[in-house]
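Remarks on the structure that follows.
The values are calculated or read from the model by the stated rules, or taken from the named source; none is laboratory data. Keep in mind it's a predicted model, so treat the numbers as computed, not measured. Note: ideal-geometry Cβ built from the backbone for every residue, glycine included; neighbour counts use all protein chains shown. When the accessible area is computed, the model is the full protein with side chains, heavy atoms only, and any ligands, DNA or RNA have been set aside. Shrake-Rupley method; radii C 1.70, N 1.55, O 1.52, S 1.80 Å.
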Amino acid sequence: MGVHQKFLMENSSEVLGSKGLIKKNEFLRIIVQCLYSLGYSKTASCLESESGVSYKSPEFQFLESHLLNGNWDNCISFLNSIRDTLGETMDSALFLVLKQYLFECLTRGEDALALDVLKKRISALEVDRSKVHSLATSVVSLKDVESGVRDGNVIHDLRRKCLTDLEKLLPPPISVPEGRLEHLVETTVIAWVDSCLYHSSSNPVSLYEDHKCGRDQIPTVTTQILAGHRNEVWFVQFSNNGEYLASSSNDCTAIIWKVLENGELTMKHTLCGHMSAISLVAWSPDDTKLLTIGNTEVLKLWDVETGTCKLTFGNLDFVVSSCAWFPNSKQFVCGYSDPEKGICMWDCDGNEIKAWRGMGMPKVVDIAVTPDGEYLISIFMDKEIRVLHMETNAERIISEEHSITSLSVSGDSKFFIVNLNSQEIHMWDVAGKWNKPLCFMGHKQCKYVIRSCFGGFNSTFIASGSENAQVYIWNSRSSTPIEVLSGHSLTVNCVSWNPKRPHMLASASDDFSIRIWGPSS
């Protein structure tokens, strides 16, 4: 029986755990490895001595002994003996050993032997050719090294590094994969978080007990009702820094609300000047400016600090359906309801910078720019989504079967969601790797414009308004709602999750009110 087979048998004898699924020897080896990596060498050595289980397998100890002593033929013979076990990494392992052998030949002045190793043995290996070429260049420069130079410490350090690199290539059980215990624990924590429907925190998860968040981690209770509007509230959106909330209404006004330290909101400015209902507001990324769109009317640019209108874009035939800012807070795009006008990019002085127009340009329903500024996403003629890469002009088209009413992008620029009149919300990836979307259902939407949003830590949740006067919340990994919030008396048109306060959600309704939602605790 070979050393390798014997070690495998010893490694599978005793088991641990209530289910008997953990091999004791493996468990101990992983603990010892972790102790060494954390710098607790004395404790690790003591555990090895007491348990009789060494972190290093007999095979690895054999290889270590011969490599540190410069017995290159024995090292190579050993690697060849486990060729089947090594598989594709065989040549990479041989390259490390032969590279060290070659270097030591040069330091001893054995140039001919070094070149022979390079030409006949290293060149025959199936490894990255750039590594071989780099090594050949090194040989030329190292040939100038004075013959007979031998620094024992340098040689020993290089052999030790070679062994460390080699250890990463050796499969278990010959070698324990680097950071194995940390990996196992981290995998468990990730599984906990992925299965936790209410998880929304960046704080490290405690290992002392199985992790599970309660529903008190997300907003489910009305904490405040804002009654500043005199008609239906159509749109609501928190600022990027989470310090303000903007709302717009059928009463032709928009309101900027200040979020106080205690979580309450108070009115800061009422923005007047539109002649018709305000269908949408958009915060500049630096939160110093706000755009408001009049329903079939002009677009206005406001100064957030003073509440004054800085510029009015267009006139009565300037029918803008949507707008979105670029990351520099100096330019924005507008989508028009008039097919002939398409999409335009403007600066804050009223200058048109760029336009996407043409005979084939349909009516724009909604528009968004990813926070990183890389993509422009547009909804055309109700059912078509166009994802345009701003730098390359590469365009991808997604066709939905049902009419789309709204669009929202995640804070990390990776995903976007669209509300459909089929009472579904579809989530797509911006990069275009998905063949089909994730679907979220449960809310009611047949005839009105209903808007949804991402929320919580890492955009964990999706929230949406509904025609049945309720607010729906989904975990982004589950198609069915985890919460349905009641309180409004008429259709909820829009929702917005505070990007800096993951426990704060706002909803705008036809009942003239805005509700602020917080956790039950």
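Kindly indicate which of 123, 49 is farther than 29 Å from residue 179 by Cα and among the polar types (S, T, N, Q).
Only one candidate passes the filter, namely 123.
Please enumerate the residues belonging to region 363-386 that are assigned to a strand (DSSP E or B) and polar (S, T, N, Q).
Residue satisfying the conditions is 378 alone.
Residue by residue, here is whether (1) out of contact with any strand residue (DSSP E or B) (no Cβ under 7 Å at 6 or more places or on another chain); (2) among the hydroxyl-bearing types (Ser, Thr, Tyr); (3) modelled with pLDDT of 95 or more holds:
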position	(1), (2), (3)
270	no, yes, yes
278	no, no, yes
284	no, yes, yes
292	no, yes, yes
302	no, no, yes
309	no, no, yes
314	no, no, no
319	no, no, no
335	no, no, no
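Quick check, is residue 274 closer than 18 Å to residue 229 by Cβ and either assigned to a loop (DSSP other than H, G, I, E, B) or among the hydroxyl-bearing types (Ser, Thr, Tyr) (or both)?
Taking the combined requirement at face value, the residue satisfies it.
Which of the residues spanning region 387-397 are open to solvent by 50 Å² or more (accessible area, probe 1.4 Å) and either on the phi > 0 side of the Ramachandran plot or in a strand (DSSP E or B) (or both)?
393, 395, 396, 397
Go through region 450-470 and report how many residues are part of a loop (DSSP other than H, G, I, E, B) and either surrounded by 21 or more Cβ atoms within 10 Å (Cβ to Cβ) or in contact with an Asp or Glu (Cβ under 7 Å, 6 or more places away or on another chain) (or both).
Summing the residues that are part of a loop (DSSP other than H, G, I, E, B) and either surrounded by 21 or more Cβ atoms within 10 Å (Cβ to Cβ) or in contact with an Asp or Glu (Cβ under 7 Å, 6 or more places away or on another chain) (or both) in region 450-470 gives 6.
How many of the residues in region 89-103 are open to solvent by 10 Å² or more (accessible area, probe 1.4 Å) and in contact (Cβ under 8 Å) with a residue 60 or more places away in the chain?
Here the count works out to 5.
Table: residues versus (1) of a type outside the set (Val, Ile, Thr); (2) more than 24 Å from residue 236 (Cα to Cα); (3) more than 24 Å from the chain's Cα centre (by Cα); (4) surrounded by fewer than 19 Cβ atoms within 10 Å (Cβ to Cβ).
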{"site": "384", "(1), (2), (3), (4)": "yes, yes, yes, yes"}
{"site": "404", "(1), (2), (3), (4)": "no, no, yes, no"}
{"site": "409", "(1), (2), (3), (4)": "no, no, no, no"}
{"site": "413", "(1), (2), (3), (4)": "yes, no, no, yes"}
{"site": "428", "(1), (2), (3), (4)": "yes, no, no, no"}
{"site": "432", "(1), (2), (3), (4)": "yes, yes, no, yes"}
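Could you pull out every one of the strands (runs of 3 or more DSSP E) wholly within region 171-262 that has 3 or more residues that are more than 30 Å from residue 85 (Cα to Cα), open to solvent by 30 Å² or more (accessible area, probe 1.4 Å) and in contact with a strand residue (DSSP E or B) (Cβ under 6 Å, 6 or more places away or on another chain)?
Passing ranges, in order: 221-226.
Which pairs turn up if I take residues in region 234-255 that are within 15 Å of residue 509 (Cβ to Cβ) and look for partners that are of a type in the set (Asp, Glu) and part of a strand (DSSP E or B) with beta carbon separation below 8 Å, at least 6 apart in sequence or on another chain?
Filtered contacts from region 234-255: no entries.
Quick one: how many residues across region 482-505 are open to solvent by 10 Å² or more (accessible area, probe 1.4 Å), within 14 Å of residue 218 (Cα to Cα) and assigned to a loop (DSSP other than H, G, I, E, B)?
Total meeting the criteria: 7.
Listed residues 127, 117, 97; which is modelled with pLDDT of 85 or more and touching a Ser or Thr at 6+ places or on another chain (Cβ under 7 Å)?
Result: 127 is the single residue among 127, 117, 97 that is modelled with pLDDT of 85 or more and touching a Ser or Thr at 6+ places or on another chain (Cβ under 7 Å).
Which is surrounded by fewer than 19 Cβ atoms within 10 Å (Cβ to Cβ), touching a residue at least 12 places away in the same chain (Cβ under 8 Å) and not polar (S, T, N, Q), of 374, 297?
Of 374, 297, the one residue that is surrounded by fewer than 19 Cβ atoms within 10 Å (Cβ to Cβ), touching a residue at least 12 places away in the same chain (Cβ under 8 Å) and not polar (S, T, N, Q) is 374.
Among the residues of region 72-88 satisfying the criterion of being open to solvent by less than 60 Å² (accessible area, probe 1.4 Å) and within 23 Å of residue 156 (Cβ to Cβ), which is nearest to the chain's Cα centre (by Cα)?
Among those residues, the one meeting the criterion is 79.
Residues in region 471-481: is at least one assigned to a strand (DSSP E or B), under 15 Å from residue 510 (Cβ atoms) and open to solvent by less than 50 Å² (accessible area, probe 1.4 Å)?
Looking for residues that are assigned to a strand (DSSP E or B), under 15 Å from residue 510 (Cβ atoms) and open to solvent by less than 50 Å² (accessible area, probe 1.4 Å), one finds at least one in region 471-481, hence yes.
Which of the residues spanning region 67-88 are free of Cβ contacts under 8 Å to residues at least 24 places away in the same chain and touching a helix residue (DSSP H, G or I) at 6+ places or on another chain (Cβ under 7 Å)?
Passing the criteria: 74, 75, 76, 78, 79, 83.
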